[in-house]
Amino acid sequence: MNRKRIIILASISLILVLIFIYFYKPSSSTDNEKKIKEDVNNDGQIDIVDITMVARAFGSGPGYKNWNPDADINKDGKVDNLDMYMVEEIYKKVKG
Ligand SMILES: [Ca+2]
Ligand SMILES: [Ca+2]
């Protein structure tokens, strides 16, 4: 194997690794994998999107049309003031 071939193989390996890193996103299908529970859409940041998602699911519980288990931050089976408060508190801290 000559030097040129090794370099080409190494480049291909590197590109494959970079492609893998770029496209690999951990599945958000289970709650256990969520890093921050207040991050409703699990995009790694607490922002207005998360607050909006809690607002949309506000007042709901399992079986409701607007129910979103991820918006139930404290996992008590309903989305209410407490969940909104928890997201807002983190949002305020992040925003400063
Ligand atoms: Ca988020
Ligand atoms: Ca709740």
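Between ASN68 and LEU9, residue separation times 0.36 nm minus the direct Cα-Cα distance comes to 16.6 nm.
Here the dipole of the chain is about 820 debye; that uses its Cα centre as origin and unit charges on the Cβ of Lys and Arg (positive) and Asp and Glu (negative).
Positive-end ranking of GLY44, LEU16, GLY61 along the dipole of the chain, with charges on Cβ about the Cα centre, is headed by LEU16. Relative contact order for the chain: 20 percent, from Cα pairs under 8 Å spaced at least 6 residues apart, divided by residue count. Dividing the summed helix terms, -39500 (n - 2.57) for each DSSP H run of n ≥ 4, by the number of residues in the chain produces a 222 nm estimate of -15500 deg cm²/dmol to the nearest 500. The packing ranking, built from the mean of other Cβ atoms within 10 Å per residue, places the peptides 7-20, 66-79 in the order 66-79, 7-20, highest first. Legend: helices of the chain (whole DSSP H runs) are marked when their alpha-carbon atoms reach 27 angstrom or more along the helix axis and their mean Kyte-Doolittle hydropathy is at least 0.5; marked are 3-23. What the Cβ-Cβ distance of THR52 and VAL17 gives, at R0 = 30 Å and to the nearest 0.05, is a FRET efficiency of 0.25. Using the Cβ of PHE58 as centre and a radius below 9 Å, the other residues enclosed give a net charge of -1, where K and R count +1 and D and E count -1. Between GLU89 and ASP76, the contour length at 0.36 nm per residue exceeds the Cα-Cα span by 2.8 nm.
No value in this document is a laboratory result; all are computed from the given coordinates. This structure is a prediction, so every number in the text was calculated from the model and none was measured. Positions of Cβ are backbone-derived with ideal geometry, glycine not excepted, and every protein chain shown enters the neighbour counts.
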